[in-house]
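See structure below.
The values are calculated or read from the model by the stated rules, or taken from the named source; none is laboratory data. Quantities reported herein were computed from a predicted structural model and do not represent experimental measurements. Neighbour counts are summed over all protein chains in view; Cβ atoms, including those assigned to glycine, are modelled from backbone coordinates with ideal geometry.
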Ligand code: MV4
């Protein structure tokens, strides 16, 4: 099936990224937008657009009836969900397909399987992929939790089976804490995700977060398109991502092989990411994301592939043949957020009064902002992604330094001072990072 017209059910930089890919493929983009985004760049660039709601994402980018009305009215062939919002919602993907419209992403069945992380652990362990000690079924009650915790040894982690974004996870150091935290974790999971299923995992102190980019076509071909290092996070939001992860060649091959094995086991199609925790040469599968990710450009910059185009090609039934995927360069993505790093990262909004985005050799900036743009308070705080590459990690860091000397974003607060500080910090420049690194770093330093 040739896709001719695609509805983009998203906003901001990813809506722009998808519009650009569609234009290069001679496919007509159609945008649905929230009233608050009426002056945004993607809204200005899309010739065909429909406002789907006002007053918050529940009534706009999460408003399935309105999105489907727009899709039907404009007779689109496919819907691209971007990331966040409805991108990993199996019910939405099902509704789209039931309308005879192609969902640009995995099947609803694959998405359903991935929603439950205890289930992901169960599948992994059944096919010999390493997971951390713990349970592959939800824990029924406190007595079972105590028994499991005793067997695997403290510290353990309680995790919401259908959780995400770091919500509904708790570290538990001993049995007293377990007694206190088990019901809290359960009710938190229920409140956040509508399901109170909790599973247990051995807690790893200071691992790295390593992920593998996967692409699967509709003929059973599955590829691993390199690794990414994503350990630098704050409140479970990534701040800096890199490709490739700096692992030994043999470790990279093992982790990519396991990612492919998992994706094949669930007949995964389209683009996705398998997430691992990594410590002392060992990797443990944690979950799989059924979407294009914010950090996909670092993989694009190191491989020369266009991952958003690939999503569309896979969705229209093309066979994907990738031979000798080479990663010869290094790429680092710095997320620029509208937030005040001097005031506990409080969200910032308002008019961008002065803007200079550096560019130059080896610099890619994916961003929807412009001078005079009014950053609205209703959405997430991502303003821009600086994707900087070099022949080596050191070269990329040198270019990053000059980029952050040049950049000016005025009128709102941004996290640029944090990136400047990190570029002067040996743990980061020497790549001695782990999942707790940024949290500890922020406690130690004063940003000036
Ligand atoms: C862990 C872990 C250590 N041990 N699980 C955080 C978000 C969710 N996706 C899983 N997370 C973690 N799970 C075990 N068994 C540490 C984290 C974690 C983390 C992971 C990746 C990046 C940043 C992090 C920050 C704190 C905790």
Quick one: which helices (runs of 4 or more DSSP H) sit completely within the range 1-103 and have at least 3 residues that are surrounded by 20 or more Cβ atoms within 10 Å (Cβ to Cβ) and within 25 Å of the chain's Cα centre (by Cα)? 12-24, 90-98
Set 389, 326, 385, 401: member being touching a helix residue (DSSP H, G or I) at 6+ places or on another chain (Cβ under 9 Å) and modelled with pLDDT under 95: 326
Checking the structure you have, find out if any residue of the range 312-325 is in contact (Cβ under 8 Å) with a residue 12 or more places away in the chain, within 26 Å of residue 446 (Cα to Cα) and in contact with a strand residue (DSSP E or B) (Cβ under 9 Å, 6 or more places away or on another chain). no
Of the numbered conditions (1) assigned to a loop (DSSP other than H, G, I, E, B); (2) in contact with a helix residue (DSSP H, G or I) (Cβ under 8 Å, 6 or more places away or on another chain); (3) away from the ligand (no atom under 13 Å from the Cβ), residue 119 fails exactly one; give the number of that condition. (1)
Restricting attention to the range 170-186, which residues are out of contact with any helix residue (DSSP H, G or I) (no Cβ under 8 Å at 6 or more places or on another chain) and part of a strand (DSSP E or B)? 171
Of the residues 345, 334, which is crowded, with 16+ Cβ neighbours inside 10 Å, at positive phi and touching a residue at least 40 places away in the same chain (Cβ under 8 Å)? 345
Residues within the range 142-163 that are within 13 Å of the ligand (Cβ to nearest atom), closer than 18 Å to residue 195 by Cβ and either touching a strand residue (DSSP E or B) at 6+ places or on another chain (Cβ under 8 Å) or in a helix (DSSP H, G or I) (or both), tallied: 6
Counting only residues that are over 22 Å from residue 110 (Cβ atoms), give me the helices (runs of 4 or more DSSP H) lying completely in the range 244-336 with at least 1 of them. 249-265, 296-303
One residue from 86, 132, 114 being away from the ligand (no atom under 16 Å from the Cβ) and either modelled with pLDDT under 95 or over 22 Å from residue 317 (Cα atoms) (or both): 86
Name the one entry in 146, 190, 159, 167 that is in contact with a helix residue (DSSP H, G or I) (Cβ under 8 Å, 6 or more places away or on another chain), surrounded by fewer than 17 Cβ atoms within 10 Å (Cβ to Cβ) and closer than 23 Å to residue 237 by Cα. 167
Of the residues that sit in the range 165-193 and are near the ligand (Cβ under 10 Å from one of its atoms) and on the phi < 0 side of the Ramachandran plot, which one is modelled with the lowest pLDDT? 167
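Out of all the residues in the range 270-290, which are away from the ligand (no atom under 14 Å from the Cβ) and buried (at least 23 other Cβ atoms within 10 Å of the Cβ)? Outline the logic, then answer.
Pass one, the range 270-290, residues away from the ligand (no atom under 14 Å from the Cβ): 270-272, 281, 290.
Across the range 270-290, the qualifying residues are 270, 271, 272, 290.
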Flag for residue 265 being touching a helix residue (DSSP H, G or I) at 6+ places or on another chain (Cβ under 7 Å) and surrounded by fewer than 24 Cβ atoms within 10 Å (Cβ to Cβ): yes
Conditions: (1) in contact (Cβ under 8 Å) with a residue 60 or more places away in the chain; (2) more than 12 Å from the ligand (Cβ to nearest atom). Residue 196 meets all but one. Number of the miss? (1)
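Out of the range 187-231, which residues are closer than 18 Å to residue 88 by Cβ and in a strand (DSSP E or B)?
From the range 187-231, those closer than 18 Å to residue 88 by Cβ are 189, 192-195, 197, 211-216, 230; that's our starting set.
If the condition is that a residue be closer than 18 Å to residue 88 by Cβ and in a strand (DSSP E or B), then 211, 212, 213, 214, 215, 216, 230 are the ones that fit.
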Quickly run through the range 170-187 and pick out the residues that are within 28 Å of the chain's Cα centre (by Cα), surrounded by fewer than 17 Cβ atoms within 10 Å (Cβ to Cβ) and more than 14 Å from residue 203 (Cα to Cα). 184, 187
Per the list (1) farther than 15 Å from residue 274 by Cα; (2) under 23 Å from the mean Cα position of the chain (by Cα), residue check on residue 229 breaks on (1)
Looking only at the range 204-237, count every residue that is within 10 Å of the ligand (Cβ to nearest atom) and buried (at least 21 other Cβ atoms within 10 Å of the Cβ) and tell me the total. 8
